[in-house]
1. MET99 fails exactly one of the following numbered conditions: (1) open to solvent by 40 Å² or more (accessible area, probe 1.4 Å); (2) within 24 Å of ALA236 (Cα to Cα); (3) hydrophobic (A, V, I, L, M, F, W, C); (4) in contact (Cβ under 8 Å) with a residue 40 or more places away in the chain. What is the number of that condition?
2. Among the residues of the stretch 189-199, write down those that are out of contact with any strand residue (DSSP E or B) (no Cβ under 9 Å at 6 or more places or on another chain) and either outside any helix (DSSP H, G or I) or β-branched (Val, Ile, Thr) (or both).
3. Could you tell me which of the residues ARG167, ARG118 is open to solvent by 10 Å² or more (accessible area, probe 1.4 Å) and basic (Lys, Arg)?
4. Among the strands (runs of 3 or more DSSP E) lying completely within the stretch 45-96, list those that include at least 1 residues that are modelled with pLDDT under 95 and crowded, with 23+ Cβ neighbours inside 10 Å.
5. Return the residues of the stretch 173-213 that are buried (at least 18 other Cβ atoms within 10 Å of the Cβ) and within 15 Å of the chain's Cα centre (by Cα); say none if nothing qualifies.
6. Output the number of residues of the stretch 228-246 satisfying the condition of being open to solvent by less than 20 Å² (accessible area, probe 1.4 Å) and of a type in the set (A, V, I, L, M).
7. Test LEU136 against the stated conditions and say whether it is under 21 Å from LEU246 (Cβ atoms) and open to solvent by 10 Å² or more (accessible area, probe 1.4 Å).
8. Looking at GLN151, is it polar (S, T, N, Q) and open to solvent by less than 40 Å² (accessible area, probe 1.4 Å)?
Amino acid sequence: MDSPHPDQPRKLLGANAREPRANHLLAVLPDAELQRWLPHLECVELSLGQALYESGATLSHAYFPTTAIVSLLYVTEDGSSAEIAVVGNDGIVGIPLFMGGGSTPSRGVVQCAGYGFRVRAQALMHEFNTSGPVRLLLLRYTQALITQMTQTAVCNRHHSLDQQLCRLLLLSLDRLQGSELIMTQELIANMLGVRREGVTEAAVKLQKAGLIRYARGHITVLNRQGLEQRSCECYAVVKREYDRLL
C-alpha cells in the first residue's frame, strides 16, 4: 500500500475528523455550550509546515486540531528554532488570546498534516469572558500546557537526544490514532533544536533497538512500551498532568 503524501491530511480512524468532538476540549464541553460554539467553528485542512501564526503577530483565530498536530516553536534572531510544546486533539492553539497577550514570541507550525477547527478571536474571547465552564476548561488546559513547556526545557537541557526523540514521538502518538508519524529529519531537527545528523544518529539507535522503523520521513512505532522505558521521566510527568487536569 502506498504511504500517504506528507502534505495530505491524515484520516482519523474510528471518529470523524470533521466532527468538533474529535477534539478533546470541545468534546467535554456541555452540550449547551457546544451548540453555541457550532456556528463559529470552521473546519479547516492543515498542511505540513503551515504556519498558523508567526512570532509577534496578533492572532486572528484559535485552532482546535482533530487529526493535525501543531508544534509551538521559539525562533531565535539567527533563525535557529526549538520546540516548546506540541498541541493536537488534546487542546487549542492560541492561548495568548484569552490570557490577554494577543500575540506571542513563538511560532505555531503544523507538524503533522490533518484537520482541525478554527474560531475567530472575538468569538473565543466572548465565550471565555461570559461562560464559566469554558473559562475553567481553557485555564486548566493552559496549566497542562505550561507543564509540558517546563518539562521540555528540562529535557532539552539534561537528557540525551534519543531520550528527547522518544519524548517527542510519544507525545505525538498520544495526539494521533495509529502508530505511524510523518516527520522529516529537518522538521525533527528544528523541533529539537539540533543538527540533522544528530536526529539521524538518534533514530538509528531507536531503530536498531527495534523500537521504530524510519524511512523517508515515515516513522512507524514498533514497540511503544519500549519507547516509554527508554524515554526520560519528562513524558510521564506531562501525561500525568494532562490526565489530572483534563
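The values are calculated or read from the model by the stated rules, or taken from the named source; none is laboratory data. Quick caveat, the model's predicted, so the values are computed rather than measured. So basically every Cβ, Gly included, is an ideal-geometry build from the backbone, and we count neighbours across all protein chains shown. Calculation scope for accessible area: heavy atoms of the full protein, side chains included, ligands and nucleic acids excluded. Shrake-Rupley method; radii C 1.70, N 1.55, O 1.52, S 1.80 Å.
1. The number of the failed condition is (2).
2. ARG195, VAL199
3. Step by step, each of ARG167, ARG118 is checked, and only ARG118 is open to solvent by 10 Å² or more (accessible area, probe 1.4 Å) and basic (Lys, Arg).
4. Where strands (runs of 3 or more DSSP E) fall fully within the stretch 45-96 and carry at least 1 residues being modelled with pLDDT under 95 and crowded, with 23+ Cβ neighbours inside 10 Å, they are 51-53, 69-75, 81-87.
5. LEU173, ARG175, LEU176, LEU181, ILE182, MET183, LEU187, ILE188, ASN190, MET191, LEU192 - these are the residues of the stretch 173-213 that are buried (at least 18 other Cβ atoms within 10 Å of the Cβ) and within 15 Å of the chain's Cα centre (by Cα).
6. 2
7. Working: under 21 Å from LEU246 (Cβ atoms): yes; open to solvent by 10 Å² or more (accessible area, probe 1.4 Å): yes.
So LEU136 passes the test.
8. In short, yes.
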